Structures are given as structure tokens and as C-alpha cells.
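The values are calculated or read from the model by the stated rules, or taken from the named source; none is laboratory data. Keep in mind that what you see is a predicted model, and the values were worked out from it rather than measured. Cβ placement follows ideal geometry from the backbone for every residue including glycine, while neighbour counts extend to all protein chains displayed. These accessible areas exclude ligands, DNA and RNA; they are computed on the full protein's heavy atoms, side chains included. Shrake-Rupley method; radii C 1.70, N 1.55, O 1.52, S 1.80 Å.
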Amino acid sequence: MRWWDIDPVLGLERDLFPEDAWSRGMFWSELAHARGPEATRRYVVAEEDGRLDGYAGLAASGDLGDVQTIAVRREQWGTGLGARLLTELLRAATAFECAEVLLECRVDNIRAQKLYERFGFEAIGFRRGYYQPGNVDALVMRLHDPSTSVNGVQGTENNG
């Protein structure tokens, strides 16, 4: 993801997450940490025929990675795009030498939870009222050793 992707990303962000969408400033701040030798972020976009179909981001600190966001255009749900984006984030976590990766997922987003479980993430707790203003709880999930899942599904050679 680069600065010129922010406007299309914001459009998809507001469509998918109308109550708790990230602001332009939040994306700018994340991208400011995604370049150069001291980079601690990795943000990617998926495009086809000039249309943004998805994006994802990871933050790294020490040996801990944190999936910041994954979003896929509704028309692309069920196509494997979410898995491809997550794979890219886990590759980045491996490059950042993260020993584990955490994420938060809305408790009502069963589709995403199933994706994360396929990659080996396990539920470890909740964050009450994490998503505002809707006051929706987050399920906290953790993956030990992201390098074992960079090919799509934990313990496999590909997601074919």
C-alpha cells in the first residue's frame, strides 16, 4: 500500500466498517512506519483491473506481530482473497522475525474467525467493547510461529 491507495482504501473501509472505519490520518500514520530500514509495518493491497478488492496491514514490535486490519470487497468474499492477504501478512511477520502474531476480530464475524483458525490462530480472550461506537466485543486470537502458516494453512505446503 502506498499513499495513492489511501482514497480507494478509505472507500472500502467505510463500506465494510461504517461504524468504526479508520480515518485518513490513521492510514497515513501506519504508512509512515512502513518504509525504510526501520519499518515496523507492512500494508498490502489487492487490485484487479484498476479496482481495489482488498487490503491488509501488520504492525511488528520486537518479536510480536499484530494484524491491524484485513478487508475484502463483499463481491470477493469466498474467493480466497482474504487468505492470500493474510498469507502476505504472515510472510511479513516472518521477515520481521515475529515469534507470534495477535489479532482482534469482532465476535460476530464468524467468517473471519474461521479463516484465522484455518491458519492456526487460537482464541485466547476477549476485549469487551473494543469496537466503538457499537460497543462490540473483540475476540483476541494468537498464532505461534507465523512461519509455519505462510503457505496458506498451518502445516501445509499450499492452500491449493
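So the values come out like this:
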read-out	value
Within the stretch 26-118, GluC sites (Glu not before Pro) in DSSP loop having at most 14 other beta-carbon neighbours inside 10 Å	Glu38, Glu97
Coil-residue chymotrypsin sites (Phe, Trp or Tyr not before Pro) of the stretch 18-127, DSSP, other Cβ within 10 Å capped at 16	Trp77
Spatial separation of Cα centroids for the stretch 68-82 and the stretch 1-65, in angstrom	14 Å
Cα-projected label distance for Glu47 with Leu102, points at 7 Å along beta-carbon direction, nm	3.4 nm
Trypsin sites (Lys or Arg not before Pro) lying in DSSP loop within the stretch 1-43, provided at most 16 other Cβ fall within 10 Å	Arg2, Arg35
Accessible area (Å², per residue) of the stretch 27-129, counting only protein heavy atoms and a probe of 1.4 Å	53 Å²
Residue of Val44, Val72, Val107 that the Gaussian network model of the chain assigns the largest fluctuation, springs spanning Cα pairs under 10 Å	Val107
Residues with amide H under 5 Å from that of Gln68, placed H, sequence gap 5 or more	Gly57, Leu58, Ala59
Rounded if a/c under 1.5, otherwise prolate or oblate - the stretch 1-159, Cα gyration tensor axes	rounded
Per-residue HN-Hα couplings for the stretch 129-146 [Karplus 6.51, -1.76, 1.60; θ = phi - 60°; Hz; x = Gly/Pro]	x, 5, 8, 10, x, x, 6, 8, 6, 10, 8, 8, 10, 9, 10, 7, 6, x
Dipole axis of the chain (+1 Lys, Arg; -1 Asp, Glu on Cβ), positive-most option in Trp77, Ala123, Val136	Val136
Hypothetical label at Ala39: residues of the stretch 1-25 whose amide nitrogen lies under 19 Å (7 Å Cα-Cβ projection)	1-7, 9
